[in-house]
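All remarks here apply to the structure that follows.
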Amino acid sequence: MKVRLHGLFSRLCAVSMLAITIVGAAEASEFNAFALSALAKDYAQSSFPLLREILSIPNDANRPEDVDANVVWSESAFTKRGFSTQRIATAEAPLLLATREHAGAEKTVLIYLQIDGQPVDPSRWFQASPYTPALKQRDAAGEWQQIPWAAIDNYDDEMRVFARSASDAKGPVAMFLASLDALADKNIEPNFNIKVIMDFEEELGSPNLPQAVADNRELLSADMLVIFDGPRHITNRPTLTFGARGIATVTLTTYGPVVAQHSGHFGNYAPNPALRLAQVLASMKDDEGRVTIPGFYDGISFDDATREILRAVPDNEEEIQERLQLGSIDKVAGSYQEAIQYPSLNIRGMQSGWIDEKVRTIVPGWARAEIDIRLVLESDPERLIDLVRQHVREQGFFVTDQVPDKTMRMAHEKIATFTYENSYQSFRTDFDSEVGQWLRSALERTFEEDPIQIRMSGGSIPISPFVNTLGIPAVTVPTVNRDNNQHSPNENLRLGNYRDGIRTMLGILTEPL
Ligand SMILES: [Zn+2]
């Protein structure tokens with residue numbers, strides 16, 4: 001018998017969730033916090049072979065044969081679970097869409113899963129292969145020691161599985177499949193339709209995603225987007241993330257003599273490009289890290305309710321500063337959470353001449369800075385880029401997007417080459433949106449505590465095409481441990497987080513919409 005959640009839950013939700021057990025429906029009682037926890041425990045245990053299997057398939061997005069193996073595996077995994085699957089062709093790797101409709105459903109939830117992983121350097125992994133999952137626990141000295149895989153039959157929360165993509169983001173894929181299995185075994189269907197969009201190029205920045213979304217609006221249409229990716233807040237408590245900053249990048253080059261010159265012969269005569277670059281960069285910010293270019297922070301303000309939500313995030317800033325060994329912090333905002341609500345202007349690298357053992361006595365020919373601008377919803381990327389370019393101009397530079405030739409060099413006192421790329425926009429969903437309220441309610445019922453609500457994550461994810469092109473709100477549900485070494489050697493997933501991730505997804509799948 002399929003249990004229809006809709007009517008049952010709209011009644012139940014009107015009263016306290018604790019009332020579920022009192023109502024007496026055997027099926028409904030399975031969904032209180034206690035029951036979800038027990039179910040998650042069972043299905044964490046029974047899905048370890050699935051987790052091991054998915055992590056054993058190499059998934060470097062740069063390798064077409066890896067992509068193909070993962071597409072095939074995903075098709076099979078979702079077909080087995082009653083989904084119809086469809087490849088969405090792009091210029092490179094396809095996207096995979098898996099759809100399952102449920103009787104009586106009125107809404108459709110689009111779920112984003114990432115299958116590919118960062119490239120690996122096996123020599124830096126302390127195990128046979130990054131694609132051979134290793135079970136490890138800490139010894140008395142705090143060092144990770146591999147233990148036989150069979151020990152997972154009696155796992156404890158602090159054990160971890162080490163493998164590429166254990167956390168980013170095949171772990172969440174396995175959690176999602178395990179929670180689908182748990183509900184199927186209980187004959188329970190969500191009261192909403194599910195579309196799962198699988199990305200096999202996330203680690204490459206999803207270069208083909210925006211076009212694919214634009215070309216397949218109808219196919220991908222949904223009421224909301226849920227992203228199962230990323231680590232929880234550092235306290236490892238249930239977390240919801242309502243937005244992510246976007247990113248644009250700028251490359252800025254200044255010029256001296258056409259080729260590097262002897263600093264004895266030409267120092268005091270040939271202008272130094274490194275100094276010019278330093279001067280123009282230094283003019284962009286004040287001594288406390290605030291961008292001084294007028295208009296850069298325009299449009300950003302918080303109401304009291306937002307301030308309260310930012311304040312409620314349990315960051316330990318003393319600990320952050322101690323960990324990063326920061327004797328001072330930038331004064332863009334009053335707190336860490338507030339700081340990431342603003343666009344940032346960051347020098348991510350600089351080069352001119354040579355240093356260390358290659359240092360030489362020259363006036364260099366050029367100097368270059370790579371800059372990233374993290375975007376927020378209020379900041380139109382083109383406008384910010386224009387502001388920065390105009391600022392460079394105001395420092396007396398002739399600004400071009402070309403490498404200057406001799407004619408150009410002779411015609412201007414100071415030249416800067418300015419090129420940029422607007423990678424992706426930010427997104428930010430209202431806390432009180434339908435998807436926000438729905439997920440909050442699911443997590444409150446599942447964990448019997450208020451989730452930590454992050455208004456904006458500092459980093460960028462390629463989700464804005466869905467939000468902007470499909471016009472649907474998106475919220476990220478992170479599940480994995482923050483210290484998971486994602487993108488690095490020895491990536492891992494804490495088994496307590498794996499189980500709690502299944503619990504989270506069970507809570508969401510059983511939350512009526
Ligand atoms: Zn990643």
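This table checks each residue for (1) among the aromatic types (Phe, Trp, Tyr); (2) at pLDDT 95 or above.
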residue: Val173; (1), (2): no, yes
residue: Phe176; (1), (2): yes, yes
residue: Ala182; (1), (2): no, yes
residue: Asn193; (1), (2): no, yes
residue: Val196; (1), (2): no, yes
residue: Gly205; (1), (2): no, no
residue: Asn236; (1), (2): no, yes
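Any residue in region 458-469 that is under 18 Å from the mean Cα position of the chain (by Cα), more than 16 Å from the ligand (Cβ to nearest atom), modelled with pLDDT of 95 or more and under 22 Å from Ile247 (Cα atoms)? No, the conditions are met nowhere in region 458-469.
Among residues that are without any contact (Cβ under 8 Å) to a residue 12 or more places away in the chain and more than 15 Å from the ligand (Cβ to nearest atom), Asp430 is not included.
Quick check on my filter: what residues within region 478-513 are away from the ligand (no atom under 16 Å from the Cβ) and touching a strand residue (DSSP E or B) at 6+ places or on another chain (Cβ under 6 Å)?
Result: Arg494, Asn497.
Scanning region 287-296 turns up no residue that is more than 16 Å from Leu375 (Cα to Cα), in contact with a Phe, Trp or Tyr (Cβ under 7 Å, 6 or more places away or on another chain) and modelled with pLDDT of 95 or more. When residues in region 454-483 are screened for being part of a loop (DSSP other than H, G, I, E, B) and not hydroxyl-bearing (Ser, Thr, Tyr), 15 of them pass.
Can you go through Thr407, Thr469, Thr476, Thr400 and tell me which one is over 29 Å from Glu308 (Cα atoms), β-branched (Val, Ile, Thr) and out of contact with any helix residue (DSSP H, G or I) (no Cβ under 8 Å at 6 or more places or on another chain)?
Thr407
Conditions (1) more than 16 Å from the ligand (Cβ to nearest atom); (2) among the aliphatic types (A, V, I, L, M); (3) closer than 28 Å to Pro512 by Cα; (4) free of Cβ contacts under 8 Å to residues at least 24 places away in the same chain, marked per residue:
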{"position": "Leu55", "(1), (2), (3), (4)": "no, yes, no, no"}
{"position": "Phe78", "(1), (2), (3), (4)": "yes, no, yes, no"}
{"position": "Glu106", "(1), (2), (3), (4)": "yes, no, yes, no"}
{"position": "Pro119", "(1), (2), (3), (4)": "no, no, no, no"}
{"position": "Pro122", "(1), (2), (3), (4)": "yes, no, no, yes"}
{"position": "Trp125", "(1), (2), (3), (4)": "yes, no, no, no"}
{"position": "Ser129", "(1), (2), (3), (4)": "yes, no, no, yes"}
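Pairing each residue of region 277-289 that is touching a residue at least 24 places away in the same chain (Cβ under 8 Å) with any residue that is among the acidic types (Asp, Glu) and assigned to a helix (DSSP H, G or I), provided the two are 6+ apart or on different chains, yields C-beta distances under 9 Å for Ser283/Glu394.
Scanning region 199-217 for residues that are polar (S, T, N, Q) and more than 16 Å from the ligand (Cβ to nearest atom) yields Asn208, Gln211, Asn216.
Do you know which of the residues in region 169-198 that are in contact with an Asp or Glu (Cβ under 7 Å, 6 or more places away or on another chain) and within 12 Å of the ligand (Cβ to nearest atom) is nearest to Met505 (Cα to Cα)? By that ranking, first place goes to Pro172. Considered as a group, the residues in region 39-92 that are small (Gly, Ala, Ser) and crowded, with 17+ Cβ neighbours inside 10 Å include one that is farthest from Ile188 (Cα to Cα), and that residue is Ala61.
The values are calculated or read from the model by the stated rules, or taken from the named source; none is laboratory data. None of these values were measured; they are calculated from a predicted model. Cβ: placed from backbone, ideal geometry, glycine included. Neighbour counts: every protein chain shown.
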